[in-house]
1. So, in the stretch A:1-55, of the ones that are touching a residue at least 24 places away in the same chain (Cβ under 8 Å) and not in a helix (DSSP H, G or I), which residue ends up farthest from B:MET54 (Cα to Cα)?
2. Against the definition (under 21 Å from B:ILE20 (Cβ atoms), more than 10 Å from every other protein chain (Cβ to nearest Cβ), outside any helix (DSSP H, G or I) and aliphatic (A, V, I, L, M)), how does B:LEU81 come out, yes or no?
3. Looking at the structure I just gave you, is B:VAL118 of a type outside the set (S, T, N, Q), part of a helix (DSSP H, G or I) and closer than 30 Å to B:VAL143 by Cα?
4. Could you tell me how many of the residues in the stretch A:47-69 are touching a Ser or Thr at 6+ places or on another chain (Cβ under 9 Å), closer than 13 Å to A:PHE130 by Cα and away from chain B (no Cβ under 13 Å)?
5. Could you tell me whether B:ALA8 is assigned to a loop (DSSP other than H, G, I, E, B), more than 28 Å from B:ALA162 (Cβ to Cβ) and without any contact (Cβ under 8 Å) to a residue 12 or more places away in the chain?
6. Looking only at residues that are without any contact (Cβ under 8 Å) to a residue 24 or more places away in the chain and within 7 Å of another protein chain (Cβ to nearest Cβ) in the stretch A:118-138, which one is farthest from A:VAL68 (Cα to Cα)?
7. In the set B:ILE45, B:ILE16, B:ILE21, which member is of a type in the set (A, V, I, L, M, F, W, C), surrounded by 11 or more Cβ atoms within 10 Å (Cβ to Cβ) and away from every other protein chain (no Cβ under 14 Å)?
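The values are calculated or read from the model by the stated rules, or taken from the named source; none is laboratory data. All values reported here derive from a predicted model rather than from experimental measurement. Note that we place each Cβ from the backbone using ideal geometry, even for glycine, and neighbour counts take in every protein chain shown.
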Amino acid sequence: MKLDVILRVTTKAILPFILLFALYVHFHGDFGPGGGFQAGVIAAGMVILYAIVFGVEAAQRVVPQWLVSAMVPIGVLVYGGTGVISFIFGANYLDYSILAHDPKHGHHLGILLVEAGVITTVAGTMTAIFYAFVQRGR
Amino acid sequence: MELYINMALLTLLAAITLAIITQRDLFSVVILASIYSFLIASVMIVLDAVDVAMTEASVGAGISTVVLIGTLYLTGQNTELRSHRAIFVPSFVALTTGGMLVWGSAGLPAFGVQDAPVHTHVAPTYLLESIPETGVPNVVTSVLADYRGFDTFGETTVIFTAGIGVMLLLGARRKRKRSGNVENQT
């Protein structure tokens, strides 16, 4: 399936900026609006746009099915693991104060880790749902 | 200014809703629902809830539109069949629920009032102490990921469960693809 050349060139041009915006929303979540959930959906949206314009085979060469399927549980494990780490160091579950010497840095690090878990699961799940729908139609 | 923007947005919302109700072509309904999501996202921006607006625009207008169009493509059903059953019970349920919601909204405190219960319970603590305690300037993030870390963990688990469920129902046909095709042909 070949779509219009303008559509393909424009998509190629904006794809990196969509991913950059997703990363901005993720890492800037401490200071501005957004966070792991929104960033994960935007990153998945980039993969879906690529798959719509260039075909699912092309998208799965870049983001293979096994990677997407693995991302779904890995994010939950990262989130839960952050809680277990603070557990091991003697604090309550998901208490980030213990993660660094300065409690404030600990909170920063904890939020970053937890959001990394969220973006992994959300991006993986959204892409996995899209792949599941598309593969069903073949 | 904000009043006129709100009026324009809410008028458009009402128009889109009427269009969705009267429309029989399901593809048009999906596209109209996507426009509805974008309008709701704009309303959220006017209400200064940029996080919610972002989520609504990306999930409501983006991902769910793609998934719904995929569903239409898979089922091959593009027009809603005219139902000849009585519409009394569904419209009664809808009108009663809507009426009770409107009635209940009369008991809510006025919009944006400072001494409303939501603003006097835990919100002042979060607003005053989140920066000294966590050092994160965005209170939304510190509440979501820090104070309410357990809730967000639950939400992530919900997304995980949803993903696993869809993959089990729709995906995971890779290995049996050959035999599945043969079965379909017979």
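1. A:MET1
2. Working: under 21 Å from B:ILE20 (Cβ atoms): yes; more than 10 Å from every other protein chain (Cβ to nearest Cβ): yes; outside any helix (DSSP H, G or I): yes; aliphatic (A, V, I, L, M): yes.
Answer is yes for this residue.
3. Numbers: of a type outside the set (S, T, N, Q): yes; part of a helix (DSSP H, G or I): yes; closer than 30 Å to B:VAL143 by Cα: yes.
Yes, satisfied.
4. Counting residues in the stretch A:47-69 that are touching a Ser or Thr at 6+ places or on another chain (Cβ under 9 Å), closer than 13 Å to A:PHE130 by Cα and away from chain B (no Cβ under 13 Å) gives 1.
5. Values: assigned to a loop (DSSP other than H, G, I, E, B): no; more than 28 Å from B:ALA162 (Cβ to Cβ): yes; without any contact (Cβ under 8 Å) to a residue 12 or more places away in the chain: yes.
No, not satisfied.
6. Step one: list which residues in the stretch A:118-138 are without any contact (Cβ under 8 Å) to a residue 24 or more places away in the chain, which gives A:129, A:132-133, A:136-138.
Among the residues that remain, those that are also within 7 Å of another protein chain (Cβ to nearest Cβ) are: A:129, A:132-133, A:136-137.
Numbers: A:ILE129: 10, A:ALA132: 11, A:PHE133: 14, A:ARG136: 17, A:GLY137: 19 Å.
Among those that are without any contact (Cβ under 8 Å) to a residue 24 or more places away in the chain and within 7 Å of another protein chain (Cβ to nearest Cβ), it is A:GLY137.
7. Numbers: B:ILE45 fails: away from every other protein chain (no Cβ under 14 Å); B:ILE21 fails: surrounded by 11 or more Cβ atoms within 10 Å (Cβ to Cβ).
After applying the criteria, what remains is B:ILE16.
Matching residues to (1) assigned to a helix (DSSP H, G or I); (2) over 30 Å from A:ALA44 (Cα atoms); (3) not assigned by TED's automatic domain parsing to the domain that holds B:ILE20:
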position: B:PHE38; (1), (2), (3): yes, no, no
position: B:LEU68; (1), (2), (3): yes, no, no
position: B:LEU72; (1), (2), (3): yes, no, no
position: B:VAL93; (1), (2), (3): yes, yes, yes
position: B:THR96; (1), (2), (3): yes, yes, yes
position: B:GLY107; (1), (2), (3): no, yes, yes
position: B:ALA110; (1), (2), (3): no, yes, yes
position: B:LEU127; (1), (2), (3): yes, yes, yes
position: B:SER130; (1), (2), (3): yes, yes, yes
